[in-house]
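Scroll down for the structure; my scribbles are underneath it.
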Amino acid sequence: MLPFKVIYHPQYDLDLGPHVFPSQKFKMIHDALLEEGIADAGDFLRPEAATDEDVLLVHTAAYVRKLRTDSLTLSERMKLEIPLSEATVNAFWLAAGGSTLAGRKALEDGFAANLTGGFHHAYPGHGEGFCMIHDVGVAIRTLQASGAIRTAMVVDTDVHHGNGTAAIFANDPSVFTFSIHQENNYPMPKPASDEDIGLEDGTRDADYLDALHGGLFFALNKMTPDLIFYVGGADPYREDQLGGLALTIEGLQKRDKLVFDHARRRGIPVASTLAGGYARRVEDTVRIHVNTIIVARDLLLQKAPTAGTE
């Protein structure tokens, strides 16, 4: 039994067929957690879809209307890079509801994980890069609107820069955005986050972890948020088809532990989302995401650290 809740819905799968985005991974992660005895059925919560009212806290009415009526232009569909259908709209609304629920449960238990989400390329008025709506943005704005949190931080370790995140929260002192990513990769251009670390092609474990440690130390000295949303992309992996960094599976585990350690020392709850992962073997992507849950479990079962220690 896990010391926190995991959010999952069978309809997270976008059912894309042969596509570089393996949306079947969501079910595979869920099943692996059960089959390996990491979680039991009682550890999972099924979310409700976000309401349109919640989605409109981030996205424009015109864009939401286009999604609801299947009326995107050809250029908008090409930028999105996944089909628009009732099933995909439902999956993204569920992802936003799931990330919101993960945020609420993290505030209660110190940690929670949504087994989808991290759709950080979605802008208020358009989607791109497989991201239809910005689930983390919707979650933060919904939690703020309800008074559950005042401030939040997004720690984004996807191999791609969180351009939608940066745009949504630009000039908003209540949300600190931090992205560590491969510099010479999608998207171009990259709007400024509150903190950006653009890494060279081929960056390996040691250099990555050093950079991440410094970035977290800087970010958390700038803000002690009520909640961290962790966008834990699997695509810095060295065998990822859409990434150009060179982290090992073990290095990615250390990455997760570093993020969670920094948060735990400061008593900040963390809600984790998945984000990208396009390994040649989908099983590798699944393993990376499963390991994030294991790292969080092991840390939460340890004795709490002394406050302020490094």
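When the P(r) of region 5-301 is calculated, the portion above 23 Å amounts to 49% of the C-alpha pairs.
Note on the chain: helix-only mean residue ellipticity at 222 nm, from DSSP H runs of 4+ residues weighted -39500 (n - 2.57) and normalised by residue number, equals -13000 deg cm²/dmol. Secondary structure note: in region 5-301, about 5% of the DSSP beta bridges are antiparallel. In whole angstrom, region 180-310 maps to an equivalent ellipsoid with semi-axes of 24, 19, 12, each derived as √(5λ) from the alpha carbon gyration tensor and ordered largest first.
What trypsin sites (Lys or Arg not before Pro) in region 128-214 are in a loop by DSSP, with at most 14 other Cβ atoms within 10 Å of the Cβ?
Loop-located and lightly packed - Arg150, Arg204.
Spatially, region 32-58 and region 171-249 are offset by 25 Å when compared through their Cα centroids.
For the chain, averaging the sequence separation of C-alpha pairs within contact (under 8 Å, six or more residues apart) and dividing by the residue count gives a relative contact order of 19 percent.
When only the Cβ of Lys, Arg, Asp and Glu is charged (+1, +1, -1, -1), the dipole of the chain relative to its Cα centre reaches about 500 debye. Taken one residue at a time, the phi angles of region 13-28 give Karplus couplings (6.51, -1.76, 1.60, θ = phi - 60°) of 5, 6, 6, 7, x, x, 8, 5, 7, x, 5, 5, 4, 4, 5, 5 Hz. Gly and Pro are set to x.
Dimensions of region 67-187 along the principal axes, based on C-alpha atoms and rounded to the nearest Å, stand at 42, 34, 25, largest first.
Taken together, the values in this text are just the output of simple stated rules run on the coordinates, not laboratory data. Being a predicted model, the structure only gives us computed values, none of them experimental. Counting neighbours? That spans all protein chains shown, and the Cβs are built from the backbone with ideal geometry, glycine included.
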